[in-house]
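The values are calculated or read from the model by the stated rules, or taken from the named source; none is laboratory data. These numbers were taken from a predicted model, which means no experiment stands behind them. Heads up, the Cβs are rebuilt from the backbone with ideal geometry, glycines too, and the neighbour counts pull from every protein chain shown. Just so you know, the surface numbers come from the protein's heavy atoms only, side chains and all, with ligands and any DNA or RNA stripped out. Shrake-Rupley method; radii C 1.70, N 1.55, O 1.52, S 1.80 Å.
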Amino acid sequence: DGMSSPSCGISADGTAIIGTTVDSLGIGHATIWYESTGWTRQVLGEPEGYESCDYGASSGYSLNHDGSKATGLPWDYCTGKAFLWTPATGMLDIGPTRGTNISDDGSKIVGFDHHNGRRPVYWSLDGAVATGPLLLHHEDDYGEVYDVTSNGDLLVGTGYPYGTDPDITGFQAF
């Protein structure tokens, strides 16, 4: 009933792993494996009405501390989105383009959106409601937020600020 690809993330308490499962048609779907079920997989599904892109429907990237919230990338007709998943809501589209990481406390998702290239963004979460994507700086900055502290207070990534020449300055950490 399909194969599994390498995992991408693990919950802070070590009880859940997120990654992508490839089904019998070769389509990848975001998946969580829980220790409590003997590491059996739970395919997260996609938002209603979404169509996969080539061989990808969704990819799982990150879990909060206990695996009760997840983020990653669902595809809708080859347009990448960011998702928030909870057991109660299933997979929710929270906007363009990818949720790369989620804080352990589940208060922030970080990643990027597309606007003339990648822009570093984050989403604030209140339960299963996401506000964002919120830009870190100027709307024409280029980059990605890669990680977030466990309480969601500090974000880290790379990019180059609007108005600078990346050939001269290169990418900068923030």
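Quick one: which residue in H65, H114 is open to solvent by 10 Å² or more (accessible area, probe 1.4 Å) and touching a residue at least 60 places away in the same chain (Cβ under 8 Å)?
Working: H114 fails: touching a residue at least 60 places away in the same chain (Cβ under 8 Å).
The match here is H65.
Of all residues in the range 51-62, those satisfying the criterion of being open to solvent by 10 Å² or more (accessible area, probe 1.4 Å) and more than 21 Å from G152 (Cβ to Cβ) are E51, S52, C53, D54, Y55, G56, S59. Residues in the range 22-59 that are hydroxyl-bearing (S, T, Y), within 18 Å of D76 (Cα to Cα) and assigned to a strand (DSSP E or B): T31, S58, S59. Just one of the listed residues (W85, W75) is open to solvent by less than 20 Å² (accessible area, probe 1.4 Å) and assigned to a strand (DSSP E or B), namely W85.
Name the single residue that is modelled with the lowest pLDDT among those in the range 95-108 being buried (at least 22 other Cβ atoms within 10 Å of the Cβ) and outside any loop (DSSP other than H, G, I, E, B). Selected residue: R98.
Looking at the range 137-160 only, could you name the residues that are surrounded by 13 or more Cβ atoms within 10 Å (Cβ to Cβ), modelled with pLDDT of 70 or more and in a loop (DSSP other than H, G, I, E, B)?
So the first thing to find is which residues in the range 137-160 are surrounded by 13 or more Cβ atoms within 10 Å (Cβ to Cβ), and the list is 137, 140-150, 152, 155-160.
Still in the running and modelled with pLDDT of 70 or more: 140-150, 152, 155-160.
Hits for the range 137-160 are D140, D141, T149, S150, G152.
The condition of being out of contact with any helix residue (DSSP H, G or I) (no Cβ under 6 Å at 6 or more places or on another chain), in a loop (DSSP other than H, G, I, E, B) and either hydrophobic (A, V, I, L, M, F, W, C) or modelled with pLDDT of 95 or more (or both) holds for only one of S7, S68, S62, that being S68.
Does the range 146-162 hold any residues that are among the hydroxyl-bearing types (S, T, Y) and under 17 Å from the mean Cα position of the chain (by Cα), and which are they? Those that are among the hydroxyl-bearing types (S, T, Y) and under 17 Å from the mean Cα position of the chain (by Cα): Y146, T149, S150, T158.
Checking each residue in the range 18-50 for being of a type in the set (F, W, Y) and open to solvent by 50 Å² or more (accessible area, probe 1.4 Å) picks out only W39.
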